[in-house]
1. Return a yes/no flag: does segment 155-178 have any residue that is open to solvent by 30 Å² or more (accessible area, probe 1.4 Å), assigned to a helix (DSSP H, G or I) and out of contact with any strand residue (DSSP E or B) (no Cβ under 6 Å at 6 or more places or on another chain).
2. State all residues of segment 123-146 that are buried (at least 17 other Cβ atoms within 10 Å of the Cβ), touching a Phe, Trp or Tyr at 6+ places or on another chain (Cβ under 9 Å) and within 15 Å of LEU184 (Cα to Cα); if no residue qualifies, say none.
3. Might you let me know whether segment 86-100 holds any residue that is modelled with pLDDT of 95 or more, open to solvent by 50 Å² or more (accessible area, probe 1.4 Å) and assigned to a strand (DSSP E or B)?
4. Checking the structure you have, find out if any residue of segment 132-142 is aliphatic (A, V, I, L, M), over 37 Å from the mean Cα position of the chain (by Cα) and at negative phi.
5. Can you name the condition, by its number, that LYS122 falls short on among (1) at pLDDT 95 or above; (2) at positive phi?
6. With (1) hydroxyl-bearing (Ser, Thr, Tyr); (2) closer than 22 Å to ALA195 by Cα; (3) free of Cβ contacts under 8 Å to residues at least 12 places away in the same chain as the list, and SER108 as the residue in question, which single condition is left unmet?
7. I'm checking my understanding of the structure. Among residues of segment 101-110 that are part of a helix (DSSP H, G or I) and in contact with a strand residue (DSSP E or B) (Cβ under 9 Å, 6 or more places away or on another chain), which one is surrounded by the fewest Cβ atoms within 10 Å (Cβ to Cβ)?
Amino acid sequence: MSMLTPPGMGGKYRITGDTYPRMRRPRQRRRIVRLAIASVVALGMAGWGTTQLIDVLSGNAEGKKNTAKTASKPGCDPAAAPVKALPEPGQIKVNVYNATPRVGLAKSTADELKKRGFVIGKVGNAPAAYDKKVPGAGILVGSAAATDGSLTVLGAQLKGATPKADERKTADVDLILGTAFKELSVRKEAAQTLAALSKPTNC
């Protein structure tokens, strides 16, 4: 065996000239590695797909979307209670007074409030303290306890009316029509205003 013959060749090959045989690694090992990686990726994709399918069939996907929408509103708690339960119009007695020079304004306004379910009390001209002295749409007057109850409901019927508390002990409230008064709010708008006031304040 020639000294130029590489070890382990057993004299099978002889080196002639300046060309040497190259040793190649077996290809089988590479195939095994590739198959292993492909199997891991396939199993991962199959598991993810199965999870998504289960969520869709069970309705969890929609629940997650709704939860995400709710969480996107900082401080919003749909389960929170309203600020205060507002009284129904039928529980509110309203005195209607006209502080303008227009004749019959208190009567027509009282009739409309009655159609909307309010109980009507006194109807007539405004007291001297308010007569011709209300520049806005009107003033809502009641006891301190009525400011966030009866006056709130009545105020939804007249946009721009100013609430005011006095020393009365009775539950009735006054609507004093001012010189800027034209008509009551549209019933649909008044109902929408009341609905908005009944919602939780942090949503």
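The values are calculated or read from the model by the stated rules, or taken from the named source; none is laboratory data. None of the values given here were measured: they were computed from a predicted structure. Neighbour counts run over all protein chains shown; Cβ positions are idealised from the backbone, glycine included. These area figures cover heavy atoms from the full protein model, side chains too; ligands, DNA and RNA do not enter into them. Shrake-Rupley method; radii C 1.70, N 1.55, O 1.52, S 1.80 Å.
1. From segment 155-178, those open to solvent by 30 Å² or more (accessible area, probe 1.4 Å) are 159-160, 162-172; that's our starting set.
Of the ones still in play, those that are also assigned to a helix (DSSP H, G or I) are none.
The answer is no, given that none of the residues of segment 155-178 is open to solvent by 30 Å² or more (accessible area, probe 1.4 Å), assigned to a helix (DSSP H, G or I) and out of contact with any strand residue (DSSP E or B) (no Cβ under 6 Å at 6 or more places or on another chain).
2. Passing the criteria: ALA137, GLY138, ILE139.
3. Yes: one or more hits.
4. As a first pass, look at segment 132-142 and keep what is aliphatic (A, V, I, L, M): 134, 137, 139-141.
Remaining after also requiring over 37 Å from the mean Cα position of the chain (by Cα): 134.
This time we only want the ones that are at negative phi, so: 134.
Yes; the residues of segment 132-142 include at least one that is aliphatic (A, V, I, L, M), over 37 Å from the mean Cα position of the chain (by Cα) and at negative phi.
5. Evaluating LYS122 over (1) at pLDDT 95 or above; (2) at positive phi leaves (2) as the failure.
6. (2)
7. Keep residues of segment 101-110 that are part of a helix (DSSP H, G or I), which gives 105-110.
Narrowing further to those that are in contact with a strand residue (DSSP E or B) (Cβ under 9 Å, 6 or more places away or on another chain): 105-107, 109-110.
Values: LEU105: 18, ALA106: 23, LYS107: 14, THR109: 24, ALA110: 22.
My answer is LYS107.
Residue by residue, here is whether (1) over 23 Å from GLU88 (Cβ atoms); (2) open to solvent by less than 10 Å² (accessible area, probe 1.4 Å); (3) part of a helix (DSSP H, G or I); (4) basic (Lys, Arg) holds:
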site: GLU112; (1), (2), (3), (4): no, no, yes, no
site: GLY121; (1), (2), (3), (4): no, no, no, no
site: ASP148; (1), (2), (3), (4): no, no, no, no
site: LEU151; (1), (2), (3), (4): no, yes, yes, no
site: LEU184; (1), (2), (3), (4): no, no, no, no
